[in-house]
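The values are calculated or read from the model by the stated rules, or taken from the named source; none is laboratory data. Only a predicted model underlies this, so the values are computations on that prediction, with no experimental measurement involved. So basically every Cβ, Gly included, is an ideal-geometry build from the backbone, and we count neighbours across all protein chains shown.
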């Protein structure tokens, strides 16, 4: 007899697919642990179907009931799937199958929204903080600043279809942008801040890419499990005369984006 679960928020067709996945017989646990067998099933279902990108899964407790295992066993399987970027647990919301990677073109003079291969209406920007403080060591090196130079620090999250896909920290030399806060508060646009301070255009001087695992603040901002693999990008922008105007550190969930380098 099928279990009756309190999961009205889960699409019923998806629920039936999950029931079918859970109903498969387990293999010999001495050859492969049960939690890894659950991981195998869900991973294959996320990659090859029948689970669809963006679909919501039952809660950890309900999944444990469906798969007839303890909550601890289910949590191990879900944690591995989240750390690999196949699933995303949104705090207070639920567990979701991640969207397919979005293409992001790295070019010399394209704004963020122009660089993503999606409709602009799907992208939202959320400002987390805006403050003045001494420049970080990375910004000092990237922008050629002196020690203790004041910068304007802007933390933002970009969401695609309400799913966080990009967490960025940008640092701007404060002496170049005396009215930064006022302009940004009114327009929520860095490009408009540039325009208001006489910077008519900008270009990407350098982009570096590295990998790592999400720290606690990054995991919280991107709604990820702690130590989920990330792709990190650091970039320097200059004005059209070559003067550095900002340094940015971006973090992408590893499975959320495909980076494309356009010819300059």
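The requirement of being farther than 21 Å from residue 125 by Cα and either in the same structural domain as residue 75 (by TED's automatic domain parsing) or without any contact (Cβ under 8 Å) to a residue 12 or more places away in the chain (or both) is fulfilled nowhere in the stretch 180-188; no residue meets it.
Among the conditions (1) more than 26 Å from residue 252 (Cα to Cα); (2) modelled with pLDDT of 90 or more; (3) crowded, with 18+ Cβ neighbours inside 10 Å, the only one that residue 23 does not satisfy is (3).
Out of the residues in the stretch 220-249 that are under 17 Å from residue 191 (Cα atoms) and without any contact (Cβ under 8 Å) to a residue 60 or more places away in the chain, which is nearest to the chain's Cα centre (by Cα)? So, considering only residues that are under 17 Å from residue 191 (Cα atoms) and without any contact (Cβ under 8 Å) to a residue 60 or more places away in the chain, the one nearest to the chain's Cα centre (by Cα) is 235. For the condition farther than 13 Å from residue 250 by Cα, within 24 Å of the chain's Cα centre (by Cα) and assigned to a strand (DSSP E or B), residue 204 qualifies. Among the residues of the stretch 175-189, just one is in a helix (DSSP H, G or I), touching a strand residue (DSSP E or B) at 6+ places or on another chain (Cβ under 7 Å) and farther than 28 Å from residue 220 by Cα, namely 176. In summary, helices (runs of 4 or more DSSP H) completely within the stretch 11-81 and bearing 1 or more residues that are within 20 Å of residue 224 (Cα to Cα) and outside the structural domain of residue 229 (by TED's automatic domain parsing) occur at 34-48, 60-67. All of (1) within 30 Å of residue 98 (Cβ to Cβ); (2) touching a strand residue (DSSP E or B) at 6+ places or on another chain (Cβ under 9 Å); (3) surrounded by 13 or more Cβ atoms within 10 Å (Cβ to Cβ) hold for residue 193 with one exception: (1).
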